[in-house]
1. Just need a number here: residues in segment 204-246 that are open to solvent by 30 Å² or more (accessible area, probe 1.4 Å), in contact (Cβ under 8 Å) with a residue 60 or more places away in the chain and assigned to a strand (DSSP E or B).
2. Restricting attention to segment 186-198, report how many residues are in a helix (DSSP H, G or I), touching a strand residue (DSSP E or B) at 6+ places or on another chain (Cβ under 9 Å) and open to solvent by 10 Å² or more (accessible area, probe 1.4 Å).
3. So which of I129, I116 is crowded, with 16+ Cβ neighbours inside 10 Å and in contact with an Asp or Glu (Cβ under 7 Å, 6 or more places away or on another chain)?
4. Taking segment 30-65, which residues are over 22 Å from E77 (Cα atoms), outside any strand (DSSP E or B) and out of contact with any Leu (no Cβ under 7 Å at 6 or more places or on another chain)?
5. Would you mind stating whether L201 is among the aliphatic types (A, V, I, L, M), modelled with pLDDT of 95 or more, within 20 Å of Y133 (Cβ to Cβ) and open to solvent by 10 Å² or more (accessible area, probe 1.4 Å)?
6. With (1) under 25 Å from G52 (Cα atoms); (2) surrounded by fewer than 22 Cβ atoms within 10 Å (Cβ to Cβ) as the list, and E167 as the residue in question, which single condition is left unmet?
7. Taking the options T190, T205, T219, name whichever one is within 15 Å of Y161 (Cβ to Cβ), among the hydroxyl-bearing types (S, T, Y) and within 19 Å of the chain's Cα centre (by Cα).
Amino acid sequence: MTGLLKHCRLCPRVCGADRTRTRGLCGANDQIEAARASLHLWEEPPISGTRGSGTVFFSHCSLGCVFCQNRQISRREAAGKAVSVQSLARTFLSLERQGAHNINLVTGAHYVPHIIEALRLARRDGLAIPIVYNSSGYESVDTLRLLDGWIDIYLPDYKYYSSYYAERYSNAADYRETAVAAIEEMVRQTGAPQYGADGMLKKGTVIRHLMLPGLGGDTAQVLRDIAVRFGDTVLVSLMRQYTPFAMQDWPELNRTITDTEYEEACALFQDLGLCGFFQQDESISESFIPAFDGTGLEDTQI
């Protein structure tokens with residue numbers, strides 16, 4: 001594990017930091033930092049189910065979108081607690097005991113070596129529920145290959161088609177080609193969606209797209225690209241809960257998505273024959289952002 005952190009190339013930023021001595025561009029060092037572990041009811045229906053998805057929110061992020069709703073924990077200087085690999089494994093098992101349908105790893109690319117070791121320990125001790133890898137989509141294919149056999153469900157974003165918007169809002173002009181290659185690897189690993197007898201997703205890839213104000217044309221290109229590349233081998237979640245905050249530097253983003261914008265995107269979604277999920281407008285609220293206070297993390301001492 002240490003070898004992968006000495007000259008870190010786990011994410012597409014390939015910053016090369018020696019994370020045993022300093023923090024990488026993402027903000028992470030060689031210790032896991034996480035901010036919350038809890039049952040989460042606001043994922044897609046076959047992931048949250050009736051009991052909730054066992055969600056672990058990791059601190060820091062390699063992408064750093066200006067509009068991130070989890071900005072408390074996604075920045076270089078982020079909230080979070082240091083957690084050992086053993087503690088992370090115990091957290092997984094605790095969530096399973098609480099009734100979680102799955103373990104949901106949120107933004108964990110920079111901790112992949114730690115996550116694999118924690119899953120190894122947890123499975124040895126009886127962890128049996130599916131593992132969800134919840135991602136910005138900005139992922140290294142080489143890192144994803146390390147996860148082959150460990151992840152049952154991939155939940156990547158496909159945020160932008162345009163390199164202009166990707167650069168402006170995420171400092172990642174290469175976002176589309178990077179995310180497409182990553183999603184192709186995810187689909188290779190999971191295959192088409194598979195459900196259990198209870199209707200819960202057991203295996204597969206669900207691509208999320210969060211609509212941004214005024215970017216209906218970009219959304220249309222994303223949806224068309226998904227339809228052409230992946231067809232019915234993936235599920236698609238079209239999301240409208242974008243909530244602006246402190247957007248004075250990006251005034252074009254200082255509003256929510258209109259009903260018309262979302263309805264037009266939904267119509268295209270259906271015309272393209274995509275399968276997946278729409279989002280009701282009552283789920284547009286910052287109250288759906290959890291408290292990142294360390295809740296649920298088992299024995300956070302290193």
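1. Total meeting the criteria: 0.
2. Pass one, segment 186-198, residues in a helix (DSSP H, G or I): 186-190.
After this cut, where a residue has to be touching a strand residue (DSSP E or B) at 6+ places or on another chain (Cβ under 9 Å) as well, the list is 186-187, 189-190.
With open to solvent by 10 Å² or more (accessible area, probe 1.4 Å) added as a condition, the list becomes 187, 189.
Total satisfying the criteria: 2.
3. Residue meeting the stated conditions: I129.
4. L41, W42, E43, E44, P45, G49, T50
5. On the way: among the aliphatic types (A, V, I, L, M): yes; modelled with pLDDT of 95 or more: yes; within 20 Å of Y133 (Cβ to Cβ): yes; open to solvent by 10 Å² or more (accessible area, probe 1.4 Å): no.
Judged against the criteria, L201 is not a match.
6. Failed condition: (1).
7. From the options T190, T205, T219, the qualifying one is T219.
Results for (1) touching a His at 6+ places or on another chain (Cβ under 8 Å); (2) touching a residue at least 24 places away in the same chain (Cβ under 8 Å); (3) open to solvent by less than 40 Å² (accessible area, probe 1.4 Å), shown as yes or no for each residue.
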position: G16; (1), (2), (3): yes, no, yes
position: L25; (1), (2), (3): no, yes, no
position: A28; (1), (2), (3): yes, yes, yes
position: G54; (1), (2), (3): yes, yes, yes
position: F57; (1), (2), (3): no, yes, yes
position: N70; (1), (2), (3): no, yes, yes
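The values are calculated or read from the model by the stated rules, or taken from the named source; none is laboratory data. Everything numeric in this text was worked out from a predicted model, so none of it was measured. Counting neighbours? That spans all protein chains shown, and the Cβs are built from the backbone with ideal geometry, glycine included. Surface areas here come from the heavy atoms of the whole protein model, side chains and all, with no ligands, DNA or RNA. Shrake-Rupley method; radii C 1.70, N 1.55, O 1.52, S 1.80 Å.
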